[in-house]
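Enquirer: Once you've had a glance at the structure underneath, I'll fire off some questions.
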Amino acid sequence: MKLSDFDFPLPDHLIATRPATPRSASRLLVSDGATLVDAVARDLPQFLRPGDRLVLNDTRVIPARLSGLRHRGGAAGEGTARIDVTLLQPDKAGQWEALIRPLKKVQVGEDVVFGPDFSARLIAKEDGVARFQFNVEGDAFDAGLARYGAMPLPPYIAAKRPADEQDKEDYQTIWAKNSGAVAAPTASLHFDEGLMQRVQEMGVHVSHVTLHVGAGTFLPVKVDDISDHKMHSEWGAVSAGAAAEIETTKKEGGRVIPVGTTALRLIETAARETGQIQAWQGDTDIFISPGFRFNVTDGLMTNFHLPKSTLMMLVSALMGVDHIKQIYAHAIENEYRFFSYGDASLLIPAGETRPE
C-alpha cells in the first residue's frame with residue numbers, strides 16, 4: 001500500500017494542546033462493528049462486558065527535555081552556548097541516547113551543565129543522535145531529571161506552547177510505575193480513579209504490561225511504499241502473570257482490549273512465535289499495517305492519530321482501511337480533538353460485536 005492511502009485533511013484547530021478536565025470527560029467515539037456511537041470516556045463501561053480484559057501500559061514518562069549550558073574557554077568568541085537535550089533511551093552501559101540542539105555547538109568530551117550538581121558529557125554523536133554520560137546515576141539521576149527536566153511534549157504540541165508544571169501531571173497515566181518512556185501511552189490519559197473503579201466493579205479485568213514509548217513514535221514515514229518502512233525499536237516486557245491472565249481471558253471467551261497502540265504492539269509481539277501470548281521481554285520493532293494477523297487483540301481504545309503515520313496504519317489493519325476513513329471523517333465532522341491530549345475511540349472490529 002501507498003503512504004497516500006493513510007492521508008486525510010485535518011483542520012489545525014482540532015489538534016488539542018491541553019487535555020479534558022476531568023480526564024474521563026473527554027469524548028469517546030465507539031465503532032462497534034459498523035455502528036458509530038458518540039459518547040464520553042466515562043461511558044466506557046457501557047461498551048464493555050463482564051469477562052473482558054483491558055491491557056494497560058504502566059510505563060512512566062520521564063521529564064526528558066533538558067536545557068543546559070556548554071562552557072568553552074580558549075578560542076575567542078566561543079564562550080558559552082545554550083544546549084537543548086531530549087533524552088531518547090538508555091543503553092546497557094548506563095549512557096543515554098539523545099537529540100541535541102544545536103548539534104554542532106557541542107563536541108565529544110565536552111559537558112553540558114543543567115544545574116550545579118547535574119551535568120552530562122558528550123561521548124559520541126552520529127547521524128544526528130548523541131550519546132551522553134551523566135555525572136550521577138540511580139536516585140540522584142532521577143532527582144536531577146525531576147528538578148531540571150520538562151515533560152517531552154509531542155512536536156505538534158511543543159510547536160504551539162512550551163511544557164509547564166501542569167504537564168507533569170497531565171502527561172502521566174494514573175497507574176504509571178516503571179520509568180523509561182519519553183512519550184506517554186496517551187489512550188490511558190482518559191482514565192481517572194472513578195472510571196477505573198467502575199470498570200473493575202462491573203467485572204472487567206485489568207492486566208499491566210510495560211512498553212517504554214520512544215520519541216521514534218513521532219517520526220514521519222518517509223517512503224511511498226509502506227512495506228519499505230523500518231519501525232523504530234522500543235523496549236517492553238510482558239510478565240508471565242500478565243500473559244497467563246490474558247490467555248485465560250481468551251480461553252474463557254472474554255475480549256482482550258489493549259488501551260493504546262503501545263500495549264497492542266507489545267502483546268502482539270509476545271504472541272508472534274506461537275500465535276499465543278507468552279512471557280516476553282526485549283526490543284520490539286513490530287510494524288502493524290493492513291494484512292497483519294492479530295493473535296491476541298479483540299478491540300482497541302486509542303486516540304485519533306496523525307495522517308500518514310504508522311499508528312493510522314495500525315488502526316487500519318484492525319478495522320479496515322475504508323472503515324477507518326469513515327470513522328475519521330465522522331470524528332472531523334463532529335470536531336473530536338486529535339492526538340496526544342485529544343479525544344479517544346473504542347474500536348471493536350466486525351465479528352467482535354457486543355451482545356445485546
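Enquirer: Ignoring ligands, DNA and RNA, what percent of the accessible area of the chain is carbon or sulfur (1.4 Å)? Please list the in-between numbers first.
Expert: On the way: 7760 of 15990 Å².
Solvent-exposed carbon and sulfur of the chain make up 49 percent of the total.
Enquirer: Pick the calculated semi-axes √(5λ) of the Cα gyration tensor in Å for this structure from (1) 31, 29, 24; (2) 29, 25, 21; (3) 37, 21, 20?
Expert: Working out semi-axes √(5λ) of the Cα gyration tensor in Å from the coordinates points to (3).
Enquirer: Something else about it: Among 159-171, 257-269, 178-190, how do they line up from the highest to the lowest mean number of other beta-carbon atoms within 10 Å? Let's see the in-between values first.
Expert: Working: 159-171: 13.9, 257-269: 26.5, 178-190: 23.6.
Highest mean packing first, the order is 257-269, 178-190, 159-171.
Enquirer: May I pose another question? With the other protein chains left in place, how much accessible area per residue, in square angstrom, belongs to the chain at a 1.4 angstrom probe?
Expert: Numbers: 15990 Å² over 356 residues.
It amounts to 45 Å² per residue over the chain.
Enquirer: Pick from V223, V213, V238: which residue has the top mean-square fluctuation in a GNM of the chain where Cα pairs under 10 Å get a spring?
Expert: Among V223, V213, V238, the largest mean-square fluctuation in the Gaussian network model of the chain belongs to V223.
Enquirer: Looking at this model, which pairs from K250/K325; K92/K230; K222/K308 are more than 18 angstrom apart at the alpha-carbon?
Expert: Numbers: K250/K325 29 Å; K92/K230 23 Å; K222/K308 10 Å.
In this structure, K250/K325; K92/K230 exceed 18 Å between Cα atoms.
Enquirer: Where nothing but the Cβ of Lys and Arg (+1) and of Asp and Glu (-1) is charged, how large is the charge dipole of segment 104-187 around its Cα centre, in debye to the nearest 20? Each step should come with its number before you reach the end.
Expert: Values: 10 positive and 13 negative charges, 66 e Å.
Dipole of segment 104-187, to the nearest 20 debye: 320 debye.
Enquirer: Please compute one quarter of the surface area of the Cα convex hull for segment 2-50 and express it in square nanometres. Show your work: numbers first, answer last.
Expert: Details: hull surface 22.8 nm².
It is 5.7 nm².
Enquirer: Which of the peptides 245-255, 51-61, 111-121 is most tightly packed, and how do the rest follow, judged by the mean count of other Cβ atoms within 10 Å per residue?
Expert: Details: 245-255: 16.1, 51-61: 23.0, 111-121: 18.2.
Order by mean packing, descending: 51-61, 111-121, 245-255.
Enquirer: Taking only Cα atoms, what is the 0 to 90° angle, nearest 10, from helix 321-333's long axis to the longest principal axis of the chain?
Expert: Helix 321-333 sits at roughly 80 degrees to that axis.
Enquirer: Further, regarding this structure: In whole angstrom, note down how far apart the Cα centers of segment 26-96 and segment 257-331 are.
Expert: For segment 26-96 versus segment 257-331, the Cα centre distance is 18 Å.
Enquirer: Projected onto the charge dipole of the chain (+1 at Lys/Arg Cβ, -1 at Asp/Glu Cβ, origin at the Cα centre), which of A158, V61, G342 gives the Cα projection farthest towards the positive end?
Expert: A158
Enquirer: Here is a follow-up. Excluding V136 itself, calculate the net charge of residues whose Cβ lies under 14 Å from the Cβ of V136, where each Lys or Arg counts +1 and each Asp or Glu counts -1. Display every interim value, and only then the final one.
Expert: Numbers: positive: R121, R147; negative: D111, D117, E137, D139, D142.
Cβ neighbours under 14 Å give a net charge of -3.
Enquirer: What accessible surface, in Å², does a 1.4 Å probe find on Y148, ignoring ligands, DNA and RNA and rounding to the nearest 10?
Expert: Using a 1.4 Å probe on the heavy atoms, I get roughly 50 Å².
Enquirer: Order these peptides, 17-25, 295-303, by their mean beta-carbon neighbour count within 10 angstrom, highest first. Before the final figure, lay out the partial values.
Expert: Working: 17-25: 16.3, 295-303: 23.7.
Highest to lowest by the protection proxy: 295-303, 17-25.
Enquirer: In debye, nearest 20, what is the charge dipole magnitude of segment 20-105 about its Cα centre with +1 on Lys and Arg Cβ and -1 on Asp and Glu Cβ, if you could check?
Expert: On the way: 14 positive and 9 negative charges, 100 e Å.
With Lys and Arg at +1 and Asp and Glu at -1, about 480 debye.
Enquirer: Now, a different point. At a Förster distance of 25 Å, what's the computed FRET efficiency of A124 paired with S179, Cβ-Cβ distance as r, to 0.05? Mind dumping the intermediate values first?
Expert: Values: r = 24 Å, r/R0 = 0.96.
The calculated FRET efficiency here is 0.55.
Enquirer: Here is a follow-up. Could you point to the residue in I100, L87, Y171 farthest towards the positive end of the chain's charge dipole, with +1 and -1 charges on the Cβ of Lys/Arg and Asp/Glu respectively?
Expert: Final value for the positive-end residue is I100.
Enquirer: Can you compute 3J(HN,Hα) from phi for each residue in segment 337-342, using the Karplus curve 6.51 cos²θ - 1.76 cosθ + 1.60 with θ = phi - 60°, rounded to whole Hz and x for Gly and Pro?
Expert: Whole-Hz 3J(HN,Hα) from phi for segment 337-342: 8, 9, 6, 4, 9, x.
Enquirer: Rounded to the nearest 20 debye, what is the charge dipole size of the chain about its Cα centre when +1 sits on each Lys and Arg Cβ and -1 on each Asp and Glu Cβ?
Expert: On the way: 37 positive and 46 negative charges, 125 e Å.
So the magnitude is around 600 debye.
Enquirer: Mark the label point 7 Å from the Cα of D5 along Cα→Cβ and return the residues of segment 308-336 whose backbone N is within less than 19 Å of it.
Expert: Hits in segment 308-336 for D5 at 19 Å: 308-329.
Enquirer: Projected onto the charge dipole of segment 102-179 (+1 at Lys/Arg Cβ, -1 at Asp/Glu Cβ, origin at the Cα centre), which of G128, V113, G138 gives the Cα projection farthest towards the positive end?
Expert: G128
Enquirer: Enter the mean projected area of the convex hull around the alpha-carbon atoms of segment 206-252, in nm², rounded to one decimal. Could you put the intermediate results ahead of the total?
Expert: Details: hull surface 20.1 nm².
Mean projected area of the Cα convex hull: 5.0 nm².
The values are calculated or read from the model by the stated rules, or taken from the named source; none is laboratory data. Remember, predicted model here, so these are calculated numbers, not experimental data. For neighbour counting, all protein chains shown are included, and Cβ atoms are generated from backbone atoms with ideal geometry for every residue, glycine included. To get the accessible areas, we keep the full protein, side chains included, count just its heavy atoms, and leave off ligands, DNA and RNA. Shrake-Rupley method; radii C 1.70, N 1.55, O 1.52, S 1.80 Å.
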